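To start, the structure itself, in structure tokens.
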Amino acid sequence: MIHQHIAGNPTIVALHGTGGNEQDFLAFTQSLVSGVGFLSVRGEEPENGQNRWFRRFAEGVFDEDNLRFRADQLAGFIRETLPTEKRVVLGFSNGANMASALVIRHPDLFSAAVLLAPMVPFSEEPMPELTDLPVLMVCGEHDPMVPRMNAQTLATQFATAGADVQVHWHAGGHSPDQTSIFVVKSFLAALKPKLAAE
């Protein structure tokens, strides 16, 4: 898989949105936290010339079989590339949906998750035990792509599975605003010493 890797422990696994790539999302992720490693990967499911993580049938309608395949494939790559590091996944939009799928299908893969504009990835998928897993969701009140009820359902699914879920709602749309960026920075800054102590 095409990727950028900067060694460090813990390591932020950065998953871009539709049309992004491993380089631009790495630059964004590095602006959020310092003193950690980074693994930024490029989605391998093209759509009209744009990089994506998995196929979809329409806006908000996912090819769930393809999502399962791509999630399992990516999980294997992450384990191979980061065999001993503490890992935190951070995804935006399509990358956040992939991150959610990874957490659900591979609950031991990450020590925390930051999901920017996520949706429920699966209509029917058993939820694992996610006891005390820190999860930050950043959602827009006026997101044209993610209905509020969908984001709330995802938060409930994670919380019911035992995750320690924080949901930050901002007044904007699909992209996080400056207040949201500050929330993410604070979340990651607080997480660093906890992971180092484990």
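Read-outs: derived from the displayed coordinates by stated rules, not from any lab. Everything quoted here is computed from the prediction, not taken from an experiment. Here the Cβ is made from the backbone with ideal geometry for all residues, glycine too, and neighbour counts use every protein chain on show.
Remarks
- Under 5 Å, built H, 5+ apart or other chain: amide partners of residue 62: 57
- Taking the centroid of alpha carbons for each part, region 71-87 and region 1-59 are 14 Å apart.
- Relative packing of peptides 133-146, 96-109 - highest average C-beta neighbours within 10 Å first: 96-109, 133-146
- Contact order normalised by residue count of the chain, Cα under 8 Å, 6+ apart, percent: 18 percent
- With both residues required to sit in the chain, DSSP beta bridges show an antiparallel share near 20%.
- Amide hydrogen neighbours beyond the local backbone of residue 138, cut-off 5 Å, H modeled: 115, 116, 117, 168
- Amide proton proximity set for residue 87, modelled H, under 5 Å, gap of 5+: 11, 111
- Zero-based 10 Å bins, Cα pair distances in the chain, whole percents: 9, 40, 40, 10, 0
- Signed unit charges on C-beta, dipole axis of region 3-197, positive-most listed residue 31, 123, 94: 31
- Mean shadow area of region 61-110, taken as a quarter of the surface of its Cα convex hull (nm²): 3.3 nm²
- Charged-residue dipole, Cβ positions (Lys, Arg, Asp, Glu), region 3-197 about Cα centre, Debye nearest 20: 480 debye
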